[in-house]
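Worksheet for the structure shown next.
The values are calculated or read from the model by the stated rules, or taken from the named source; none is laboratory data. These figures come from a predicted structure and were not determined experimentally. Note that we place each Cβ from the backbone using ideal geometry, even for glycine, and neighbour counts take in every protein chain shown. Heads up: the accessible areas ignore ligands, DNA and RNA and are worked out on the full protein's heavy atoms, side chains in. Shrake-Rupley method; radii C 1.70, N 1.55, O 1.52, S 1.80 Å.
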Amino acid sequence: MCYHHIVIATDLSDDGKRLVEKGALLAEALKAKLSLIYVDVHYDTYHAAIGFSERSDDGVPFEEKIRKELEPTTQNVNYPIAEVIIGRGGFVDELRTAIVDKDIDLLVFGHHHDLWSNLFSSTRSAINQLNIDVLVIPIRS
């Protein structure tokens, strides 16, 4: 099977670094385009409707702040990251939009093996609702 655009769903945690490193190794082996996606699930249509600011409390634009916070996650990756996709709103909705807009054919997720992740897994929700190949990498705490 050949993938052309691999996207790693990441958050701003330290666990994201290992996930990105593994995804980069896969992309390199397949000679695929590699991107990251971060979705701020706390921002929704309600916030957009009331004109909630696109800037953080310190005045830095939201996307710029996220890119800066993701830098430690990507600094030891020896494969080019073509793009950092930043979404705001529903996790699955933002993924669905990116899949179509960016011609993504493989999503890479991390999954913790703890009680909260088993009860409230955004990965499970995405797998059930998206029509795309998914690679789930276990993250051990």
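Go through segment 98-123 and give me each residue that's open to solvent by 70 Å² or more (accessible area, probe 1.4 Å) and at pLDDT 95 or above. Before the answer, list the steps.
Taking segment 98-123 first, the residues open to solvent by 70 Å² or more (accessible area, probe 1.4 Å) are 100-103, 113, 115-116, 118-120.
Across segment 98-123, the qualifying residues are Val100, Asp101, Lys102, Asp103.
Can you tell me how many residues within segment 14-61 are assigned to a loop (DSSP other than H, G, I, E, B), over 12 Å from Thr74 (Cα atoms) and modelled with pLDDT under 95?
Residues in segment 14-61 being assigned to a loop (DSSP other than H, G, I, E, B), over 12 Å from Thr74 (Cα atoms) and modelled with pLDDT under 95: 14 in total.
Which one is modelled with the lowest pLDDT among residues in segment 124-135 that are closer than 23 Å to Ala27 by Cβ and open to solvent by 60 Å² or more (accessible area, probe 1.4 Å)?
Restricting attention to segment 124-135, the residues satisfying the condition of being closer than 23 Å to Ala27 by Cβ are 126-127, 130-135.
Of the ones still in play, those that are also open to solvent by 60 Å² or more (accessible area, probe 1.4 Å) are 127, 131, 133, 135.
On the way: Ile127: 85, Asn131: 92, Asp133: 95, Leu135: 93.
So, considering only residues that are closer than 23 Å to Ala27 by Cβ and open to solvent by 60 Å² or more (accessible area, probe 1.4 Å), the one modelled with the lowest pLDDT is Ile127.
Taking interchain pairs and intrachain pairs at least six residues apart, which have beta carbon atoms under 6 angstrom, with the first residue in segment 18-44 and in contact (Cβ under 8 Å) with a residue 24 or more places away in the chain and the second open to solvent by 10 Å² or more (accessible area, probe 1.4 Å) and of a type in the set (D, E, K, R)?
Between residues of segment 18-44 that are in contact (Cβ under 8 Å) with a residue 24 or more places away in the chain and residues that are open to solvent by 10 Å² or more (accessible area, probe 1.4 Å) and of a type in the set (D, E, K, R), the close pairs are Ser35/Glu83; Val39/Glu94; Asp40/Arg88; Tyr43/Arg88.
Restricting attention to segment 64-74, which residues are over 13 Å from Leu36 (Cα atoms) and open to solvent by 90 Å² or more (accessible area, probe 1.4 Å)?
Hits for segment 64-74 are Glu64, Lys68.
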